[in-house]
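Novice: Have a look at this one.
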Amino acid sequence: MTLAIQTPAQVDARMREEQTQRIEAQNQPREVVNNLAAHVRAMWSIAKTDKLRVQDRLMDCLRRRRGEYSSEKLAQIKKAGGAEVFMQITGSKCRAAKAWLADIFTSSGDRPWTLSPTPYPELPPQLKMQLVSTAVQQAMQLGVPQEMAIQIVTQHKERLQDELRQKATDAAEKMAVRIEDELVEGGFRPAFDEFLDDLVTYPAAIIRAPVYRKRRGLVWAQNMGNTWQPIAGDKLVRECYRVSPFDAFPSPASSEVDDDWFIERHRLTRRDLNAMRGVQGYNEQGIVDALKAYGLGGLREWLWSDGERDRLEGRGSMHTQQDTDIIDAIEWSGFLPGHLLLDWGMTPEEIPDPYQDYPISAMICGNYVLRAMVNPDPTGKSDYFKACWAGVPNSFWGSALPEILADCQDVCNAAARSLVNNMAMSSGPQVYYDADRIPKGTDVSSVFPWKIWATSSSKTGSSQPGIGFFQPASNSAELMNIYERFGRYADDIVGLPAFAFGSDQGAGAARTASGMSMLMGNASKAVKAVVRAVDIGVVEPLVRKYFTHLMLMDEDQEIKADLTIKARGSDSLIQKEVSQRRQLEFLAMTNNPIDMQIVGMEGRRELLHEAAKTLDVPADRIVPDAKGMQERQMLMMAQMQAQQAMGMKQPNGTPSPTGESAESPKAAPNPAMVEPTA
């Protein structure tokens, strides 16, 4: 009989496993894995196998960003002996690239996207029919020919389109404010900051929005005694978060997110699961069962790279996280046939055709289905958005910045290690000695000034001294030249020169202001390509997704109109000083009576408002809006009329010959003719 010896941790783990099995046996139906969960599990197995070729790239990029060698490379270096230095060229370039991109997308006083009405607004069908019917009735009553009736329809149509265009312009500003508020409440800014970190580090960066979550909020309100008290409650929030490239598993056939199915691995806690309860589309019973089964012991979908990833990202190792309450869930987004959704429990009203493919998002945790929801987007597009530093055609994963710098980084590391080793070797003289001529027990490994060496006569009759010294050659100059050459080459291949981030290492054209401006313009072209990829792949579709959700679900009709979304990140590369100077020049140029008659007071107000925004001042408090401007003009007109009425009488009550009282002030000039200042 063999006695099995187990540690207390192993006993606790076995007891938790037995308890989990008992809970699953009590709560699970006989068919543990239904059709939907089985399909997601099958896709998960395919995705994990295909991702193996990318996991090595992701780990290598993360190590280069952090300035660490792989275990294999470090073992080779230690075997050869010498320095283990890693020069932080890649990390420095990644931080500089992120700083540049963050400055572009978070330009002060403006959004990185715009909403504008369509150039040619389409009339609603019922309005078209009403317009034609009215024109026909007027033509019949007046007895006008058909050509005149067509002219009447055209005139009314143009008038209605102008009204729709103006209404859409007002709705665009309200919708932009509403979307910005949704982004702020949903955590877009920290999520986008993490997205930029991934963009400059990995072959692809992914962000997701909007995701509906129930969050605990706090509101302050006054009671009957006019004292303020907090009121806590749950609120449904459209959240935005960054998806780690390690947790992204696209279909092997995908080159974009929406080409085929896509899997995301979630690392959840009990709080995250509870936040899903009560949200439309989530399975309440599945969430409760998952909490019962995995709420205490956790559930992990282990991958071979998790331990190294956790170490590099600053978390505990795999062995220390085995007993935590982290719960892994798998979310699958793609198209599924209707009969699978009907088998899961969806109604025929939701799935009218069992043989049609529907875009859905399904999340499973272990053997429990947490969510199976039809995508509400009319286009069927998912909520994931991707961008790469350098895209590769027909490939989901692009070329990462650390991968582009890999050769330069490796050469610089080799040069730096050789330089350190050579400096150590040539820092002092080397000693050789004849072992037959040194007395036994002499410490030959210790060298210090004024040391006395004892030697004996040569047994071979040689006249050479028993101890000799020589100085190893120093190759530091050649090694430094190699390092500097490949360091400058790294600037060229990524388009991020050192002088663009405050370094004084500039020569030639960089020593003059105009030459520096020219070099900065050329250097920004590489960043413009990245910004354009983020605009097209992330900013525009993400804002359009929020716009679609608000158009479908929001009850405020004043924010709704036929609008177009355009990202303006690449436009922000224009230097702010140049833009401000041109705006001020235009203000000064139009500050004359002739131009004022052309632009009018409303045009002048728009110019002042835009100029104030670029100066980082509260433009909305300094320059009134259109409604406030109209009220101010009406007040000035009323004051002017009152002054004119008072000026028609003299102090004794008799009218003045000139229609102006001797003591009354001059009538105020027409505000439209007042020459405003810049």
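Novice: Leaving ligands, DNA and RNA out of it, report the carbon-plus-sulfur percent of the accessible area of the stretch 379-443 at a 1.4 Å probe. Let's see the in-between values first.
Specialist: Details: 1660 of 3150 Å².
Carbon with sulfur: 53 percent of the solvent-accessible area.
Novice: Evaluate the distance, in nm, between pseudo-label points positioned 7 Å from the Cα of residue 640 and of residue 447 along their respective Cα→Cβ axes.
Specialist: 9.7 nm
Novice: Using the Cα centre as the reference, give the magnitude of the dipole from point charges on the C-beta atoms of the stretch 298-440 (Lys, Arg: +1; Asp, Glu: -1; all else neutral), rounded to the nearest 20 debye. Display every interim value, and only then the final one.
Specialist: Values: 10 positive and 21 negative charges, 176 e Å.
The calculated dipole for the stretch 298-440 is roughly 840 debye.
Novice: Let me check something: with ligands and nucleic acids excluded, how do 646, 276, 224, 423 order by accessible area (1.4 Å probe), largest to smallest?
Specialist: Details: 646 135, 276 0, 224 190, 423 105 Å².
So the residues, ranked largest to smallest area, are 224, 646, 423, 276.
Novice: Mind checking the full-extension length gain between residue 469 and residue 633? Use 0.36 nm per residue of separation minus the Cα-Cα distance, one decimal, nm. Mind showing how you got there, number by number?
Specialist: On the way: separation 164, 0.36 × 164 = 59.04 nm, distance 9.63 nm.
Working it through step by step, the gained length comes to 49.4 nm.
Novice: For the stretch 336-453, what is the accessible area per residue in Å² when the probe is 1.4 Å? Walk me through the intermediate numbers first.
Specialist: On the way: 6040 Å² over 118 residues.
That works out to 51 Å² per residue.
Novice: On a C-alpha basis, how far is the centre of the stretch 367-396 from the centre of the stretch 65-113 in Å? Whole number, if you could?
Specialist: 28 Å
Novice: Quick one: pull the percent of accessible area on the stretch 255-301 belonging to carbon and sulfur, 1.4 Å probe, ligands and nucleic acids left out. List each step's numbers first, then the result.
Specialist: Working: 830 of 2000 Å².
That share works out to 42 percent.
Novice: Taking the Cα centre of the stretch 406-506 as the origin and placing charges on Cβ (Lys, Arg +1; Asp, Glu -1), which of 489, 408, 455 is farthest toward the positive end of the dipole?
Specialist: 455
Novice: When you count, for each residue, the other Cβ atoms within 10 Å and take the mean per peptide, how do 43-51, 349-357, 413-421 rank with the highest first?
Specialist: Ranked by mean Cβ neighbours within 10 Å, highest first: 413-421, 43-51, 349-357.
The values are calculated or read from the model by the stated rules, or taken from the named source; none is laboratory data. Note that the structure is predicted; figures quoted are calculated from it, not measured. With ideal geometry, Cβ positions are generated from the backbone for all residues, glycine too; neighbour counts draw on all protein chains shown. The protein model used for the area step is the full one, side chains on, heavy atoms only, and it has no ligands, DNA or RNA in it. Shrake-Rupley method; radii C 1.70, N 1.55, O 1.52, S 1.80 Å.
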